Every structure is written in C-alpha cells, then in structure tokens.
Amino acid sequence: MFQYDFMQHAFIAGTLIAIMCGVIGVFIIARSLSFVAHTISHIGFAGAAFAAYAGIDPLVGLLAFTLAGSVGVGQMGVRMFRRDASISVILSLALGLGILFLSLGNIQGNYSRTLLFGSVVGIDLQDIWQIVAITLFVLIALCAGYRWLKFDSFDQVGAQAAGLPIRWISIGFLLLMAVATSVTIQIVGALLVFSLMTVPAAAARLYTQSIFGMILLSSLIAVLSVWFGLVSGYYTNAPVSFFIVAFDAVSYFLGIIYHRLMERRRAVA
Amino acid sequence: MLRRVQINDLQVSFNGEEILKDLSLDVSPGQMYAIIGPNGAGKSTLLKSILGLIHPQHGEIVLSCDQKKPVIGYVPQSRVIDDDMPICARDFISLGQVSSFFPWPSRREKRILHEMMIFTDTDRLAKKPVGKLSGGERQRVFLAQALVRHPDLLLLDESTANLDPDAQTRMMELVKKAVHEWGVTVLFICHDFQMVRAYADHILLMTRGYYKTGDVQSILDDQAMLKNVFQSSFDEGVTHHEGSASSGLSVSASSR
Ligand SMILES: Nc1ncnc2c1ncn2[C@@H]1O[C@H](COP(=O)(O)OP(=O)(O)O)[C@@H](O)[C@H]1O
Ligand SMILES: [Mg+2]
C-alpha cells in the first residue's frame, strides 16, 4: 500500500497529528477541558465552512475561529465553562453557523462530509509541510511550558501558591488547543478531533500514575490507532475514522479492566 | 536565608467586611511562629496575603532575603485531590520543581527530589497515587512538594488537623528538622495547643479585630484571655444553632 503517494502522505500526516493529540490530550484531561475541546472543534467547523464560503484557505478560517473561540472561553472563565449550560449554547451556535455558511456558499455535500468526518486521502505535499510546521510548533511550545503547565494542570492550588501566572498558563493552553484542533480537523474531521485528543489520554491514565508515562502512552495509543485505522481502511474500504475510534475505545475499556485488577491487587496486598 | 518578615498595619476586607484590621507582626528568621484563633478569624487570609494571593487594601508585608528573591513554601488548608487523576506521589512532589524550563529534570534536581523524599519519609510512597494516601502521608507529600523549592519561609495552614496524634508529631518533627537544617522560617496555623506548646517559639493569637503576640507561656498560660477569644466565637455558634432550631428546621438541620 506504500506504493501510493496518498498513503505515504496519510501515514506521515496521521502520525504527526496523533503524537500531538496524544501529548496535548493528557493536559486536556488533567484540566477537565474535554468539553471545551469538543466546543472548540465545533467552532473550527464553523470556521472551515466560513472559509469555504468566503473562498479563503480553510486553515486560515479554522485558525481565526478557533483562536477567537478559545480567547472567548478564557475570558468567560474556564471554571464556569466546565459546568455551565453556556457550553451547549456556544456549541450549538457554532454548528448552526457552520451549516449556514455551507448553505450560503452552496458548498457540495462532499466537502461538508470531509469537514465533519475527515479525509485522509486528499493530503498533498504542501499539506504535509503545513502539518509538520504546526505540530512542531505545538510540541515545542508544550515542551517549553511543560513544567508550568504540568504544575498548573495537576495541582492548581500548588501552582498558584508557587507564584505561577495561572491565568496566562490557562489562556496559553487554550490557544495551543485551538491551533492543534485546527490542523487536526483537516485530517480527521470536526466530529472526531475530540476523540483523538481525549480518548488516548483518558486511556493512558488508567495504565500509569506517572505524568511522563501518561504522555508517552497516550501518544503511543494515538499513533497506533491511526496506523491501525489507515491499514484497516485501506484493506476494507470502510471509513478510517471508524477504525481509529474503535481502537482508542478498546484501549480505554481494556484500561478500565486493567485498572480494576490493579486496584484489587493493591487491596489484597 | 530569610532576614526578616515584617507586617505593618495590614488591612484586608472582602465585600466591605473587614477581616484583618491593623495587623502587625514581626517574625525573626529561623523561628517557628504559631497562629491560633477561632474559625473565621482570618488566619488563612493572613497567610494568603503573605503569599500575594490576596491583595491587602492597606499596609505592607516586607520579606527580605540576602541577595535573592525570597521563596515561599505553602501547604494550603484544602486541596482537591482528584481520584480520577491518580498521579503518583513522586510526580506530585516534583511538580514543585519549576526553576528551570527544560522539560526533563537535571541531575541536581533528581538528587534534591530524592533527598527530600528521604527527608520526609515519602520515598516508599513514591509510586502510590496521591489520592490513595492516608491523611498523614498526604500532608508529608504536600510538605515535600513545598520543600523541593528550598523555601526561605514555610507557611502551613492547619497541616496537622485531622491527623492522629502520632502523625501530628511526625509532621511537626519534620518541620522542626527543616528549621534546623536549612534555617527555614515557619508560620503555622494550628488548633492543637499541645502541638503549639511543643513546637512554637512565638504565638500570634487572633480573632476579628484583636491580635496578641507573645512567647508561648505568656499566651497559652493566660487562660482568661484564651477563654475570652475562643468563647466569644463559641457563643456565636450556639446562638446560631438555637436560631435554626426555633425556626422549626431542627430536623433537616440535624440530618445534614
Ligand atoms: N475570597 C474570599 N471572599 C470573601 N470572603 C472571604 C474570602 N476568603 C475568606 N473570606 C472570609 O474571611 C473570613 C476569614 O476567613 P479565613 O481567613 O479562612 O479564616 P480562618 O482561616 O481563620 O478560619 C471568613 O469569614 C471567610 O468567609
Ligand atoms: Mg483557615
């Protein structure tokens, strides 16, 4: 299957994006931002639809909408956002706007499907470079801010007491999430970004109690799921996204069983 | 090492309610200073003001150190430990190491982490999830996280509350050892007068609008004053209770 350019491209792009999602996901879970991530991906959908309607580069539309969206979330205060109903309001509004732009622009159903469900076959060389640049940017930013982000995500009280600028850390992280979401939407679609960003991380924390271990395992699960998805999709012609999500879900449920077993062993010991 | 902690005419209010008013305090370096007083007196508020988490309306807090910015270690009164995010004690302690931007720890940081875990006797808990630790173990982990930063000033907010007597003594012995080994200055809030008597060099007794500092004997032996300070808040509690009973809500109040 590697004789085809499009499969090579899909593997390169998919692997990079999986690593990025796996790493950032650990912090999304630790900061209880799954629903914010979900909302930002829908805002991204609106952005991409707007780009199609206005005839601009989809990445520009995605970035503009998701960055503005995450600043908005930051302003409203993440804490309130976690429980409040406003999240569903914004999510629905974004979805509605996306549908509006698609219809205004008279966009074909094909493109709408790609936006929502993703497409791994249409990735050209230029897209690859874009993806390389953006994932590297996100990963380097996460590395540079690692200690602060880690402290604030896993022990906010401690981080605040140690004098870390927790408000800026929070906003910085939301912006990174926006960038990561924008690049990921183009490959896996708006509906599944959320799963690639949260399910591997949620699974990883069931297997290990070390933060670095969670990051490694989460990216590993994400990468394996993408590879599994691409290979299975190639041979069966069923949607790649289905296999990706199925793999992640299985690792999550196996994780729950493993976690239970360990708890029981600990209780006996 | 810390040269001095001085608080002058501190005033803090929330929504117009004055919690701290004209509070002044002078702490010598290397001291263990106990803060006692009834609930709601503003003890935690005082520590948070020293940390800079609360901005006082008036007054100043002076911390000075030789040739560097003073580092404050803080063990807060309450901390949400999410059972869903079971990170191990070792990682939780190392969160405190934020003086570098490298993602991985240096050899020196690893050594310090190891030393502090031996010091606080948390090394055998290293791999256990923090959420699964006992109260005493948890407090030692929190203390270790504060100590890896090599604080000049250590603020402990009821760190021995809810611990059994053995665990209380163990915790306070650790704090005392930190004072001896690194010359840390300690402010600790504590409700147990026995602990205060055993470990404090000085005491700040506080209730709303009334502050008294002195050595251990002069404060703890003044039974009349202690009774006065603690009784008044106790009376409030009784009145409150009677109030809810007379309004016919005694059943729901007691079932809560
Ligand atoms: N952030 C805050 N906003 C409003 N009121 C507060 C805040 N923090 C503390 N208070 C009030 O200040 C008073 C003193 O609180 P605190 O310092 O926690 O008392 P203590 O630690 O002595 O029990 C309490 O009545 C509390 O309700
Ligand atoms: Mg308090």
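The values are calculated or read from the model by the stated rules, or taken from the named source; none is laboratory data. Just so it is clear, the structure is predicted and the values come from calculations on it, not from any experiment. So basically every Cβ, Gly included, is an ideal-geometry build from the backbone, and we count neighbours across all protein chains shown.
The set of residues in the range B:13-35 that are within 16 Å of ligand 2 (Cβ to nearest atom) and in contact with a Lys or Arg (Cβ under 8 Å, 6 or more places away or on another chain) comprises B:Ile19, B:Ile35.
Put simply, of B:Asp235, B:Asp152 the only residue that is modelled with pLDDT under 90, over 20 Å from B:Gln77 (Cβ atoms) and not polar (S, T, N, Q) is B:Asp235. Answer yes or no: is there a residue in the range A:244-259 that is part of a helix (DSSP H, G or I) and farther than 21 Å from A:Ser195 by Cβ. There is no residue in the range A:244-259 that is part of a helix (DSSP H, G or I) and farther than 21 Å from A:Ser195 by Cβ. With respect to (1) free of Cβ contacts under 8 Å to residues at least 12 places away in the same chain; (2) assigned to a helix (DSSP H, G or I), the lone exception for A:Ile99 is condition (1). Filter the range B:131-161 down to residues that are part of a loop (DSSP other than H, G, I, E, B), within 13 Å of the chain's Cα centre (by Cα) and not β-branched (Val, Ile, Thr), then give me how many there are. Going through the range B:131-161 one residue at a time, the tally reaches 3.
When every residue of the range B:178-190 is checked against the conditions, at least one turns out to be away from ligand 2 (no atom under 16 Å from the Cβ) and closer than 17 Å to B:Pro76 by Cα. Of the residues B:Gln57, B:Gln67, the single one that is more than 16 Å from ligand 1 (Cβ to nearest atom) and over 15 Å from the mean Cα position of the chain (by Cα) is B:Gln67.
When you scan the range A:84-91, do you find a residue that is within 19 Å of the chain's Cα centre (by Cα), part of a helix (DSSP H, G or I) and crowded, with 22+ Cβ neighbours inside 10 Å, even just one? No - not one qualifying residue is present in the range A:84-91. Scan the range B:82-91 and give yes if some residue there is touching a strand residue (DSSP E or B) at 6+ places or on another chain (Cβ under 8 Å), within 24 Å of B:Leu46 (Cα to Cα), away from ligand 2 (no atom under 16 Å from the Cβ) and at the interface with chain A (Cβ under 9 Å from one of its Cβ atoms), otherwise no. No. Filter the range B:183-224 down to the residues that are assigned to a helix (DSSP H, G or I) and touching a helix residue (DSSP H, G or I) at 6+ places or on another chain (Cβ under 8 Å) and list them by number. Hits for the range B:183-224 are B:Phe193, B:Met195, B:Val196, B:Arg197, B:Ala198, B:Tyr199, B:Val216, B:Ile219, B:Leu220. Among helices (runs of 4 or more DSSP H) entirely within the range A:128-226, having at least 2 residues that are more than 13 Å from chain B (Cβ to nearest Cβ), out of contact with any Lys or Arg (no Cβ under 9 Å at 6 or more places or on another chain) and modelled with pLDDT under 95 singles out A:166-188, A:190-207.
Summed over the range B:128-158, residues that are more than 13 Å from chain A (Cβ to nearest Cβ) and within 16 Å of ligand 1 (Cβ to nearest atom) total 1.
Answer yes if at least one residue in the range B:50-73 is within 16 Å of ligand 2 (Cβ to nearest atom), within 11 Å of chain A (Cβ to nearest Cβ), in contact with a helix residue (DSSP H, G or I) (Cβ under 8 Å, 6 or more places away or on another chain) and not aromatic (Phe, Trp, Tyr), and no otherwise. Checking the range B:50-73: at least one residue is within 16 Å of ligand 2 (Cβ to nearest atom), within 11 Å of chain A (Cβ to nearest Cβ), in contact with a helix residue (DSSP H, G or I) (Cβ under 8 Å, 6 or more places away or on another chain) and not aromatic (Phe, Trp, Tyr). When B:Ser100 is tested against (1) assigned to a helix (DSSP H, G or I); (2) of a type in the set (Gly, Ala, Ser); (3) facing chain A (nearest Cβ under 10 Å), just one condition goes unmet, and that condition is (1). Residues of the range A:102-127 that are outside any helix (DSSP H, G or I), polar (S, T, N, Q) and closer than 19 Å to A:Ile17 by Cβ: A:Ser119 alone.
Of all residues in the range A:4-26, those satisfying the criterion of being more than 11 Å from the chain's Cα centre (by Cα) and part of a helix (DSSP H, G or I) are A:Asp5, A:Phe6, A:Met7, A:Gln8, A:His9, A:Ala10, A:Phe11, A:Ile12, A:Ala13, A:Gly14, A:Thr15, A:Leu16.
Against the conditions (1) more than 8 Å from chain A (Cβ to nearest Cβ); (2) surrounded by fewer than 13 Cβ atoms within 10 Å (Cβ to Cβ), B:Ile112 satisfies every one except (2).
For residues that are within 14 Å of ligand 2 (Cβ to nearest atom) and not aliphatic (A, V, I, L, M), tally how many sit in the range B:3-12.
Qualifying residue count, the range B:3-12: 0.
Checking each residue in the range A:228-269 for being within 14 Å of another protein chain (Cβ to nearest Cβ), of a type outside the set (Phe, Trp, Tyr) and surrounded by 14 or more Cβ atoms within 10 Å (Cβ to Cβ) picks out A:Gly255, A:His259. Taken over the range A:14-27, residues that are surrounded by fewer than 24 Cβ atoms within 10 Å (Cβ to Cβ) and either free of Cβ contacts under 8 Å to residues at least 12 places away in the same chain or of a type in the set (A, V, I, L, M) (or both) amount to 2.
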